1. From His125, His153, which residue is buried (at least 17 other Cβ atoms within 10 Å of the Cβ) and under 26 Å from Ser229 (Cβ atoms)?
2. From the list Leu37, Leu17, which residue is in a helix (DSSP H, G or I), more than 10 Å from the ligand (Cβ to nearest atom) and either within 21 Å of Met291 (Cβ to Cβ) or not aromatic (Phe, Trp, Tyr) (or both)?
3. Mind telling me which of the residues Val47, Val89, Val70 ends up being within 11 Å of the ligand (Cβ to nearest atom), touching a residue at least 24 places away in the same chain (Cβ under 8 Å) and outside any helix (DSSP H, G or I)?
4. Which of the residues that make up region 20-34 are more than 6 Å from the ligand (Cβ to nearest atom), outside any strand (DSSP E or B) and touching a helix residue (DSSP H, G or I) at 6+ places or on another chain (Cβ under 8 Å)?
5. Do we have any residue at all in region 134-156 that's without any contact (Cβ under 8 Å) to a residue 12 or more places away in the chain and closer than 23 Å to Pro300 by Cα?
6. Got a number for residues in region 296-327 being farther than 30 Å from His203 by Cα and either surrounded by fewer than 19 Cβ atoms within 10 Å (Cβ to Cβ) or free of Cβ contacts under 8 Å to residues at least 12 places away in the same chain (or both)?
7. Enumerate the pairs (first residue in region 238-249 and of a type in the set (Ser, Thr, Tyr); second residue anywhere and in a strand (DSSP E or B)) with beta-carbon separation below 6 Å, excluding pairs fewer than 6 apart on the same chain, so at least 6 apart or on different chains.
8. What pairs come out if I take residues in region 273-295 that are farther than 17 Å from Asn239 by Cβ and pair them with residues that are among the polar types (S, T, N, Q) and not in a helix (DSSP H, G or I) whose C-beta lies under 8 Å away, six or more apart or interchain?
Amino acid sequence: MHRILIIGVGSIGERHLRTFKATNRAELCLCETGEQLRRTVADRYGVTRVFANLDEALGDRCFDAAVVCVPSHLHIPMARQLVDAGVHVFIEKPLSLNLDGIDELMRRIDEQGVKAAVAYTYRSHPALRSMKQAIIEGRFGRPVQVVSTWGQHFPKYRPAYRQIYYTSRATGGGAIQDVLTHAINAGEFLVGPIDRIVADAAHQVLEGVEVEDTVHVIARHGSVMGCYSLNQHQAPNENTITVICERGTARFDLNHARWQSMTEPEGGWKTEFQFSRERDDIFVHQAHLFMDYLEGKSGPACTVAEGWQTLRVNLTVLGAAFNPPWVPLVG
Ligand SMILES: NC(=O)c1ccc[n+]([C@@H]2O[C@H](COP(=O)([O-])OP(=O)(O)OC[C@H]3O[C@@H](n4cnc5c(N)ncnc54)[C@H](O)[C@@H]3O)[C@@H](O)[C@H]2O)c1
């Protein structure tokens, strides 16, 4: 049995707690500063080792690995404390909100010989992993373009958005750091790292916040052209990543939990892989992959270096998106 500490049992921390437990491969303990929440979640899942802060948890040391589920500005200092104490870490996305302390963290991970990964969930999605494999094997030829289209009604799925870290970019809020980062990381997983971007973002709809809720990014992953559009207010739940290759097109569709391909005009889509639509299932799968990594059966689904690369894209998009170099129309 793995002994795992969940740090922060808010929205995603509770899900990690539930889904790690569902693997039957882990004994869980938790650490949460909010007293009421700490008690409620501990009772709900029958967790008996419960801590009010990380120092208290490190004093008890009833765990070998920790899942860092606190707001993103706390990820690096907390991961550093854990790694210094010899604890394996699974860090929620984004890795951080700036580049401070990441070089030192990576150095300490090496020195301490601990395992570390970033929880970019899509990298654990069996359908996305299967699609990547087909692309790597060259089934459709050379990838030339990636088109990522995401939209979701944030108030429906995260009604508390006005009360959490989301309200401020300094704590990880706004569409770019909170959600676009998943799309960017998944795109980089499929066709390689982004090396330059053009971006546009604005607050268009969401009530009670001023951070951007709508984003467009044009990117280059080397020679592969990329296009990312995302909003957090449309009614339809859309999440597709299409990779257009020289001889075929592959499309991941989260909401239909599948990937499909098409190689002939009017040839129709062929469903290549279908997965469960139950949201917890992907997190159970992610937990299994992380524990496989701890056991040396596989590498991490997303390394810290890959999380750092996506963080550089986040920061570049933030720097570019609010004053893009618009070109006036001719004539
Ligand atoms: N992978 C995903 O799909 C996904 C989804 C949502 C959020 N996230 C990421 O997870 C992180 C948390 O997001 P959330 O939506 O769960 O936020 P949240 O606000 O719901 O929960 C964060 C929890 O951390 C607790 N906390 C804060 N500081 C603490 C500390 N020092 N020690 C212990 N507990 C502390 C808070 O009290 C709160 O309960 C963010 O980095 C976010 O980007 C990832």
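1. None of the others qualify; the one that does is His125.
2. Only one candidate passes the filter, namely Leu17.
3. Only one candidate passes the filter, namely Val70.
4. Phe20, Lys21, Ala22, Thr23, Arg25 - these are the residues of region 20-34 that are more than 6 Å from the ligand (Cβ to nearest atom), outside any strand (DSSP E or B) and touching a helix residue (DSSP H, G or I) at 6+ places or on another chain (Cβ under 8 Å).
5. Yes, region 134-156 contains at least one residue that is without any contact (Cβ under 8 Å) to a residue 12 or more places away in the chain and closer than 23 Å to Pro300 by Cα.
6. Residues meeting the conditions: 6.
7. Thr240/Thr149; Thr240/Arg251; Thr240/Asp253; Thr242/Val147; Thr242/Arg251; Thr249/Met262
8. Hits for this filter: Val284/Thr23; Ala287/Thr23; His288/Thr23; Leu289/Ser298; Met291/Thr23; Asp292/Ser298.
The values are calculated or read from the model by the stated rules, or taken from the named source; none is laboratory data. Since the model is a prediction, treat every value here as computed from it, not as a measurement. Ideal geometry is used to build each Cβ from the backbone, glycine not excepted, and the neighbour counts take in all protein chains shown.
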